[in-house]
Amino acid sequence: MTADRPFFLTTPIYYVNDLPHLGHAYTMVACDVLARFQRLDGTRVKFLTGTDEHGQKVEKSAQAAGLSPQAFADKISAAFRDSARLLNISHDDFIRTTEPRHVRAVQAMWQELERRGEIYLGRFVGWYSVRDEAFYDERELVGGLAPTGAEVEWVEEENYFFRLSAWQDRLLEFYETNPEAIAPRSRRNEVISFVKGGLNDLSISRTSFAWGIPVPGNPRHVIYVWLDALINYLTSVGYPETKTREFSDFWPASLHMVGKDILRFHTVYWHAFLMAAGIAPPRRVFAHGWWTVEGQKMSKSLGNFIPPHELVATYGLDPLRYFLMRELPFGSDGDFSHRAMIGRLNGDLANDFGNLAQRVLAMIERNCASVLPEPGAFTAADEELLAEARSLLGRVRPSLLDEAFHVALETIWRLVAEANRYVDSEAPWVLRRTDPARMRTVLYVLAETLRHLGILMQPFVPDAAAALLDQLAVPPGARRFADLAEALPPGRPVPPPHGIFPRFVEAVPGAPPAATPGAKPADPGAAART
Ligand code: MSP
């Protein structure tokens, strides 16, 4: 992934048949971390998310809810917008596929494909899964179900087809010459072997229901919801206007982040549609893994759909964001458990990081009259910690450019551990009596290390990082990566410290409620050690 040009980053657009859950939060947070990272790194970013509102699945859900499809879509789309706000997602555009700008883009793309002879009218006879919104071949079914386990129905209807079969060689050539275009590598291999297996022409319209964008010139047909949905990425950059600054700056997209279940749509169909319309395919598509919950697949029938707002209310937003990015190697599947969440919160956040910040800030308050201390000459140990801090960005950047969020956080937390070791071995609470000038140097080195940590943590835990930087009196205008080079100026007054990551105390029946985020210091014992 390259960041030397404007960076256009997208989440999938979410079906409005269901309310937001943990899986949706995952993609949004991952993209948000990247968007914030790139902006702090000085790159121009466009970050898109939104909702996918057409198709049979949404039509059926609306019917079941007793609402018109539009009223239903309005309601659930608003819930996704609220969820993005709650998760502190910094998107620049939120698209809805029922907006006029999108209908226009989809119809324009259809006409372009038709003009280029890529579309023909035929008859579809085969299986369709409403849940997957996908067509399946008889050979693909497993025990009468789609390979995803979804139910299928037999469909025989007049459909328009896209000449997908003609694109096999050009797709393979594209994958070959653009090895970074599909990640992780194992997923790239899956896509290549699927395409090598041969491609059938793809049905791209339906006539048996009405909730969709009408085919230009034949409104008895609505456009297949995946063709409609994928085009959202182009709509956002102004398609069909392609001679604009917006289009040339942001297309081809830098990164489409998707779940592994929708990789084929984003790397086979999408690339073929784009090439067929004479438009360059995206630079990169990354497929992440799926979460189970306490060892089980999330499903309505099991009642284990976790709405993000419940997790935020219980653990706080930044602990949740941290957990999602730290717990799994990005790309792999994994399990969400409350035990693991509490372990990360109390271990990595409250203990390792929160205590470090609390100890340093409390000592500056008490022993340096709430003013950033003036350092004396640095020892080898000071220089070593400062060098680690100064090289942190250079070590974190490659991991993030490779979507290895967990590795980036591991790297940041290695510096947290170094800083904790340094506090313990320098013991500034002893120096307070024996050598106050040395204590001031040690506290300065620690404050400067915390500044680096705070600036680097902003993409992951924006509110907590801002709280830390406020407490170090780092002005809001001096928090970009370029500002890392300017060391903290001694002599600046700092505000009274307060805990950044409170420990999570499990509620036991009959006991008072658990800690609320931001309510109490990270380590009540810290005062005793200052
Ligand atoms: N509407 C399509 C995407 C169209 S993009 C042009 C869609 N929507 S979805 O709402 O069903 O899924 C949105 C995203 O959520 C997908 O990337 C999917 O992989 C992800 N997840 C849904 N459940 C998930 C988990 N349990 N775990 C992780 N991600 C999951 O597909």
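Numbers at a glance
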read-out: Selection count where residues are touching a strand residue (DSSP E or B) at 6+ places or on another chain (Cβ under 6 Å), within 16 Å of GLU403 (Cβ to Cβ) and in contact (Cβ under 8 Å) with a residue 60 or more places away in the chain, scope segment 165-196; value: 3
read-out: Yes/no for LEU349 being closer than 24 Å to GLU310 by Cα, crowded, with 17+ Cβ neighbours inside 10 Å and within 36 Å of the chain's Cα centre (by Cα); value: yes
read-out: Which numbered condition ASP382 misses (of (1) under 34 Å from the mean Cα position of the chain (by Cα); (2) over 30 Å from GLY289 (Cα atoms)); value: (1)
read-out: ILE455 being closer than 15 Å to LEU40 by Cβ and free of Cβ contacts under 8 Å to residues at least 60 places away in the same chain; value: no
read-out: Test: PHE323 is crowded, with 19+ Cβ neighbours inside 10 Å and free of Cβ contacts under 8 Å to residues at least 40 places away in the same chain; value: yes
read-out: Hits in segment 359-407 (condition: closer than 30 Å to ALA30 by Cα and of a type in the set (Gly, Ala, Ser)); value: ALA387, ALA389, SER391, GLY394, SER399, ALA404
read-out: The one condition in (1) without any contact (Cβ under 8 Å) to a residue 60 or more places away in the chain; (2) touching a His at 6+ places or on another chain (Cβ under 8 Å) that PRO308 fails to fulfil; value: (1)
read-out: Some residue of segment 508-520 being at pLDDT 95 or above and in contact with a Phe, Trp or Tyr (Cβ under 8 Å, 6 or more places away or on another chain); value: no
read-out: Residue satisfying condition, being under 22 Å from ALA387 (Cβ atoms), exposed (fewer than 13 other Cβ atoms within 10 Å of the Cβ) and at pLDDT 95 or above, within set PRO428, PRO493, PRO489, PRO475; value: PRO489
read-out: Residues within segment 8-45 that are within 16 Å of the ligand (Cβ to nearest atom) and either without any contact (Cβ under 8 Å) to a residue 24 or more places away in the chain or not aliphatic (A, V, I, L, M) (or both), tallied; value: 16
read-out: Leading residue by the ranking (farthest from ARG283 (Cα to Cα)) among those in segment 137-169 that are of a type outside the set (Asp, Glu) and touching a His at 6+ places or on another chain (Cβ under 9 Å); value: ASN159
read-out: Matching helices (runs of 4 or more DSSP H) fully within segment 224-301 where at least 2 residues are touching a residue at least 60 places away in the same chain (Cβ under 8 Å), surrounded by fewer than 22 Cβ atoms within 10 Å (Cβ to Cβ) and away from the ligand (no atom under 15 Å from the Cβ); value: 270-276
read-out: Unmet criterion (only one of (1) touching a residue at least 24 places away in the same chain (Cβ under 8 Å); (2) loosely packed, with under 14 Cβ neighbours inside 10 Å; (3) closer than 26 Å to PRO252 by Cβ) for SER208; value: (3)
read-out: Test: VAL360 is surrounded by fewer than 18 Cβ atoms within 10 Å (Cβ to Cβ) and closer than 22 Å to ALA464 by Cα; value: no
read-out: Selection from segment 40-58 of residues that are within 30 Å of THR207 (Cβ to Cβ) and either in contact with a Gly (Cβ under 8 Å, 6 or more places away or on another chain) or not in a strand (DSSP E or B) (or both); value: GLU53, HIS54, GLY55, GLN56, LYS57, VAL58
read-out: Strands (runs of 3 or more DSSP E) completely within segment 59-176 that count 2 or more residues being acidic (Asp, Glu), over 24 Å from the mean Cα position of the chain (by Cα) and surrounded by fewer than 18 Cβ atoms within 10 Å (Cβ to Cβ); value: 153-162
read-out: Candidates GLU133, GLU59, GLU53 - the one that is within 16 Å of the ligand (Cβ to nearest atom) and without any contact (Cβ under 8 Å) to a residue 60 or more places away in the chain; value: GLU53
read-out: Criterion (more than 27 Å from ARG5 (Cα to Cα), part of a loop (DSSP other than H, G, I, E, B) and either within 16 Å of the ligand (Cβ to nearest atom) or not polar (S, T, N, Q) (or both)) met by exactly one of LEU328, LEU324; value: LEU328
read-out: Any pair with Cβ under 8 angstrom, 6 or more apart, that starts in segment 477-499 at a residue that is at positive phi and ends at one that is surrounded by 12 or more Cβ atoms within 10 Å (Cβ to Cβ) and assigned to a loop (DSSP other than H, G, I, E, B); value: GLY491/LEU372; GLY491/GLU374
read-out: Evaluation of ARG5 against (1) touching a strand residue (DSSP E or B) at 6+ places or on another chain (Cβ under 8 Å); (2) of a type in the set (Lys, Arg); (3) more than 12 Å from the ligand (Cβ to nearest atom); (4) modelled with pLDDT under 95 (one fails), failing number; value: (1)
read-out: Qualifying residue in segment 293-304 (condition: under 30 Å from ASN189 (Cβ atoms) and hydrophobic (A, V, I, L, M, F, W, C)); value: yes
read-out: Selection within segment 233-263 - among the charged types (D, E, K, R), out of contact with any helix residue (DSSP H, G or I) (no Cβ under 7 Å at 6 or more places or on another chain) and over 15 Å from ALA280 (Cβ atoms); value: ARG245, GLU246, ASP261
read-out: Those residues of segment 468-508 which are among the aromatic types (Phe, Trp, Tyr) and part of a loop (DSSP other than H, G, I, E, B), in sequence order; value: PHE501, PHE504
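The values are calculated or read from the model by the stated rules, or taken from the named source; none is laboratory data. Model, not experiment: these values are computed from the prediction. Note that we place each Cβ from the backbone using ideal geometry, even for glycine, and neighbour counts take in every protein chain shown.
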